[in-house]
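Below is one structure, written out as structure tokens, with a few remarks after it.
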Amino acid sequence: MPENDEITEIVELADDAEITDELTDGADLADEADEADDADLTPEITFGDLGLPEGVVRKLAQNGVTTPFPIQAATIPDALAGKDILGRGRTGSGKTLSFGLPLLATLAGGETEKKKPRGVILTPTRELAMQVADALQPYGDVLGLRMKVVCGGTSMGNQIYALERGVDILVATPGRLRDIINRGACSLEQVQVAVLDEADQMADLGFLPEVTELLDQVPAGGQRLLFSATLENEIDSLVKRYLVNPVTHEVDPSAGAVTTMTHHVLVVKPKDKAPVTAAIAARKGRTIIFVRTQLGADRVAEQLRESGVKADALHGGMTQGARTRTLADFKDGYVNVLVATDVAARGIHVDGIDLVLNVDPAGDHKDYLHRSGRTARAGRSGVVVSLALPHQRRQIFRLMEDAGVDASRHIVGGAGAFDPEVAEITGARSLTEVQADSANNSAKQAEREVVDLTRQLERLQRRAVELREEADRLVAQAARERGEDPETAVAAVAEAAEAEVAAAAAEAERAAREEQRREERPARDERGNYERRDRGGDRGGFRRDNDRPSFRDRDDRPSGGFRRDDRPSGGFRRDNDRPSFRDRDDRGGRPSVRWFPPGQRPSVVPRP
């Protein structure tokens, strides 16, 4: 057993150790606090730090854009320095401002000749061209630059007219720009900056021959900016041919590696595919559904509308005006679900899309990544769901592997569209709930219309009283001018007005009764005939149902009816012994025409 002095020494050593631990912990906490303070004191890069014009920076701040995305912070300084840029970033990473703002800053203050733009931006689709122009136009207005979209599906005459007046920057699709150049309405000989946006999509859509034809017309020595989600063989050939010592920036992962995006595969039975699609589309929020064909897009959109879902189709078979209206309705929230094909969906940028549903599997892994890029944009989260029939499982799983996607797999059981797991993943709702919401919204709209009509009725009643008072005053004044009794004249006019009102009310009531009678009439079938009611009982008519006896089965025909095998002998047989017309001397009941020699007058002799 230790002595008292030893116990005291042990206690003191323990106390020293605790104090030392407390001091060490305190020092660690202080270091962490200093590091946090240093992190807080680290200034964030702003657009003003990148060297952009002050007017553009102010306009960005007005639009709520103050902090650049990583690809913007990396590429804008090099682009302002006049270097060729090779940027790789997935769709929705902020590439438009990465090349657009330096382009505008470089061309600001210069002079543009007619038909000779100084900047050109090539995009693979019409929608992307319009979106790029819409995104850059506010900043171009600040710098006094004119911009024009040149793409198919729109008026070429309007585009040629704008070029004749002078356009600083063209945002164009390759095919339409080549057609305008061939007409002599445009020349690229003064282009200083050429931009290729979504170059990998141009390669997928077969635009590279047209792109190279256009870039060959751009004079050497200018600046080239090429942005693509992937850098593959075709893109590498463009880089080696047209870019000089390019600065490469790869700051964003591919769509398959985005941590804010989750991927799911739902294995469904063929009979459950349409109900599952409708239930997922009925979710709250914006949803894009991808199908393989244009007819499939129209069919799925029509089925969803019949189910009470606000859906519309978008595909390459639509006119540009219809595509623009559909996309605007989707952006503005009038349509919750957009059913699109791969071609029409490339380059679509709509904020707030948190679910992508692949009803038909993508053609390859690149199409899958392009589809997935519609969600989880700019750091937001998103869900990508693919429906797979049992025979499509291997195809879709192999596609996921090629895309580098780790997708969770779910088998939708007997619950079908209302599987709890499906509802948890996608937010799917029962169609009954959707119809209830639709009926509730319709009821609210009807109530608002009732309120508006009531207010309008009150205004009209007040106006009628004012006009009646004014009419009585004028009638009384006219009666006094004629020397008549004003009260008598006013009473006569009022009586006539009441009679007209009563006649109008009677006419309205008569019209209402007539409309009610028309509604109570039997409905007409598709051929416009009234439906026949069953005539039974004493009338003896046949019923319009499957129990009506067929003609051949009527063995109980009355004895007075002739059978085909017991016709009377006087009937003519359908054989070669049937007498000819001239030999029928025993015809009866009609006058007979006899033959007379030439020169003699024929006569009609009745048969006895």
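A short reminder: the numbers here are calculations on the coordinates, not readings from a lab. Fair warning: this is a prediction, and the values are worked out from it, not measured in the lab. Here the Cβ positions follow ideal geometry from the backbone for every residue, glycine too, while neighbour counts run over all protein chains shown.
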For Ser386, the residues 5 or more places away or on another chain with a placed amide H closer than 5 Å to its own amide H are His264, Val265, Leu266, Asn358
Cβ-derived FRET efficiency at R0 30 Å, Leu205 paired with Leu143, nearest 0.05: 0.40
Once each part is reduced to its C-alpha centroid, what is the distance from the stretch 263-312 to the stretch 193-248 in angstrom? 37
Identify the trypsin sites (Lys or Arg not before Pro) of the stretch 178-252 meeting these criteria: DSSP loop state and at most 12 other C-beta atoms within 10 Å of the C-beta. Arg183
What are the ³J(HN,Hα) values, in whole Hz, obtained from phi via the Karplus relation 6.51 cos²θ - 1.76 cosθ + 1.60 with θ = phi - 60°, for each residue of the stretch 471-476 in sequence order, with x given for Gly and Pro? 5, 4, 5, 5, 5, 5
Cβ-Cβ FRET estimate between Arg393 and Arg455, R0 fixed at 56 Å, reported to 0.05: 0.40
Label-point separation (nm) for Glu424 and Asn245, each offset 7 Å from Cα along Cα-to-Cβ? 5.8
Förster radius 25 Å - calculated FRET efficiency between Gln477 and Ala506 (Cβ-Cβ, nearest 0.05): 0.15
With no solvent and one equal point scatterer per Cα, compute the Debye intensity ratio I(q)/I(0) for the stretch 128-199 at 0.12, 0.18, 0.21, 0.25 Å⁻¹ and report its log10, rounded to two decimals. -0.30, -0.71, -0.99, -1.39
Relative contact order (percent, whole number), the stretch 263-400, Cα cutoff 8 Å, 6+ residue spacing: 33
